[in-house]
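Single-structure report; data block below.
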Amino acid sequence: MAGSTLASPSADPAVAAIAAPVSVSPARETWRRFRRHRLAMASLVILTLLIVSVIVGPWLWPVAINDIDFSATLQGPSLAHPLGTDDLGQDIMARMMYGGRISLAVGLAAMVVATFVGVLIGALAGMSRKVADPVLMWVTDLFLSLPQLPLLLLIIYLFREQLKALFGVEGGVFVLIVIVIGGLRWMPVARLVRAQFLSLREKEFVEAARAQGATKMRQMVRHILPNALGPVIVASTIEVSTAIIAESTLSFLGLGFPPDIPTWGRLLFDAKDQLDTAPHWALFPGAAIFLTVLSINFIGDGLRDALDPRRVI
């Protein structure tokens, strides 16, 4: 018909909105993929409950961790003591919530140390084309070949008194354990980062940045490292659980925190002679360590799947 115009489908706003592609941010897409990992989501809920309980719990259950009651020694769970008491009548629930803060803080702080050192050494090795790469990898292989537990025990034994004098008893032991555990756990992260850098430094976007005059530092920090963070994040979650186990091992062997600082490992050490008469004393801190480490490992699996676009979820 003369004078009339045919409306195109794109002229209709509703049709255009349906036809337009929906842009999803990488963070939202990663969260969507992570949510579909059921074990990871369940582990995230459990870990969140554990963290909230050790942070908020001491205010909701204001029982002093070192209150001694010889009339209530080695009692099982009850209304007065929901997780029972130890051989001195001390409330296990209060001591577990206080010690959980330290155990989780050691795991997180040691992870930060290990990740920082590993990323630094791995990035330098991955960007080097000459002498630095073989030298740094030789150092990494040397640290990997060392027996970590005996070395960990030796360093703790030699330097704990000096750091206690500098930072106090609790602070000195905390700093020493974090530095030693983190300093002996950076090697897997370094090898992973190096492999990522060796692959990414030849990509087109890095070549373009290099052609525009970007320095090696800018190439590392601005272009390569953000694209290598996915595997690093996954590896870092594993380092948290490894550090918690290492701290628990040190405390169980009597070289961790002193008896008046009840970390989960220390509680297990104190309970080892009462497994027949008071199994609850070892059961609850052992279960807390088990659930924390297992949850972190499953969260790491979920992050690995969510951050890898090649995996179908």
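The values are calculated or read from the model by the stated rules, or taken from the named source; none is laboratory data. Remember, it's a predicted structure, so these values are computed and weren't measured experimentally. Methodologically, a virtual Cβ is constructed for each residue, glycine included, from the backbone with ideal geometry; neighbour enumeration extends over all protein chains shown.
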Looking at (1) surrounded by 24 or more Cβ atoms within 10 Å (Cβ to Cβ); (2) in contact (Cβ under 8 Å) with a residue 24 or more places away in the chain; (3) touching a Lys or Arg at 6+ places or on another chain (Cβ under 7 Å); (4) assigned to a helix (DSSP H, G or I), which one does SER251 not meet, given that it meets all the others?
(2)
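Looking at the structure I just gave you, is PRO77 of a type outside the set (A, V, I, L, M) and within 30 Å of the chain's Cα centre (by Cα)? Before you say what the answer is, go through the steps one by one.
Numbers: of a type outside the set (A, V, I, L, M): yes; within 30 Å of the chain's Cα centre (by Cα): no.
Spelling it out, it is not the case that PRO77 is of a type outside the set (A, V, I, L, M) and within 30 Å of the chain's Cα centre (by Cα).
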Looking only at the stretch 91-116, count every residue that is farther than 16 Å from ALA246 by Cβ and either in contact with a Gly (Cβ under 7 Å, 6 or more places away or on another chain) or outside any helix (DSSP H, G or I) (or both) and tell me the total.
3
Any idea which residue in the stretch 76-134 is surrounded by the fewest Cβ atoms within 10 Å (Cβ to Cβ), counting only those that are in contact (Cβ under 8 Å) with a residue 12 or more places away in the chain and among the hydroxyl-bearing types (Ser, Thr, Tyr)?
TYR98
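Does LEU47 fit the bill of being aliphatic (A, V, I, L, M) and in contact with a Ser or Thr (Cβ under 6 Å, 6 or more places away or on another chain)?
On the way: aliphatic (A, V, I, L, M): yes; in contact with a Ser or Thr (Cβ under 6 Å, 6 or more places away or on another chain): yes.
Yes.
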If you check every pair at least six apart or on different chains, which have Cβ atoms under 6 Å apart with a residue in the stretch 210-225 that is touching a residue at least 40 places away in the same chain (Cβ under 8 Å) first and a residue that is of a type in the set (Gly, Ala, Ser) second?
GLN219/ALA209; MET220/ALA123
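Can you say whether GLY213 is surrounded by fewer than 18 Cβ atoms within 10 Å (Cβ to Cβ) and within 25 Å of the chain's Cα centre (by Cα), as far as the supplied structure shows? Let's see the steps before the verdict.
Values: surrounded by fewer than 18 Cβ atoms within 10 Å (Cβ to Cβ): yes; within 25 Å of the chain's Cα centre (by Cα): no.
No, not satisfied.
Identify, from the list LEU104, LEU136, LEU120, the residue that is modelled with pLDDT of 90 or more and farther than 19 Å from SER236 by Cβ. Full working, then the answer.
Working: LEU104 fails: farther than 19 Å from SER236 by Cβ; LEU120 fails: farther than 19 Å from SER236 by Cβ.
Going through LEU104, LEU136, LEU120 in turn, just one is modelled with pLDDT of 90 or more and farther than 19 Å from SER236 by Cβ: LEU136.
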Just give me the residues in the stretch 224-248 being over 29 Å from LEU149 (Cα atoms) and surrounded by 20 or more Cβ atoms within 10 Å (Cβ to Cβ), in sequence order.
ILE224, ALA228
For residues that are polar (S, T, N, Q) and more than 25 Å from VAL293 (Cα to Cα), tally how many sit in the stretch 210-239.
4
Qualifying residue in the stretch 178-198 (condition: touching a Ser or Thr at 6+ places or on another chain (Cβ under 9 Å), closer than 19 Å to VAL293 by Cβ and of a type in the set (Val, Ile, Thr))
yes
Quick check: is even one residue across the stretch 250-264 in contact with an Asp or Glu (Cβ under 7 Å, 6 or more places away or on another chain), among the small types (Gly, Ala, Ser) and under 23 Å from THR115 (Cβ atoms)?
yes
Does ALA195 satisfy being among the aliphatic types (A, V, I, L, M) and either exposed (fewer than 13 other Cβ atoms within 10 Å of the Cβ) or within 22 Å of ILE245 (Cβ to Cβ) (or both)?
no
In the list GLY256, GLY300, which residue meets the criterion of being surrounded by 17 or more Cβ atoms within 10 Å (Cβ to Cβ), in a helix (DSSP H, G or I) and within 24 Å of the chain's Cα centre (by Cα)?
GLY300
Can you find a residue that is modelled with pLDDT under 90, part of a helix (DSSP H, G or I) and of a type outside the set (Phe, Trp, Tyr) anywhere in the stretch 77-90?
no
When the residues of the stretch 259-278 are narrowed to those that are in contact with a Gly (Cβ under 9 Å, 6 or more places away or on another chain) and assigned to a helix (DSSP H, G or I), which ends up farthest from ILE156 (Cα to Cα)?
ALA271
Within the stretch 257-290, track down each residue that is farther than 13 Å from GLY107 by Cβ, in contact (Cβ under 8 Å) with a residue 24 or more places away in the chain and not hydrophobic (A, V, I, L, M, F, W, C).
PRO258, ASP260, PRO262, ARG266, ASP270, GLN274, THR277, HIS280, PRO285
Selection status of THR30, assigned to a helix (DSSP H, G or I) and at pLDDT below 85
yes
Could you check how many residues of the stretch 167-206 are touching a residue at least 24 places away in the same chain (Cβ under 8 Å) and over 25 Å from MET217 (Cβ atoms)?
11
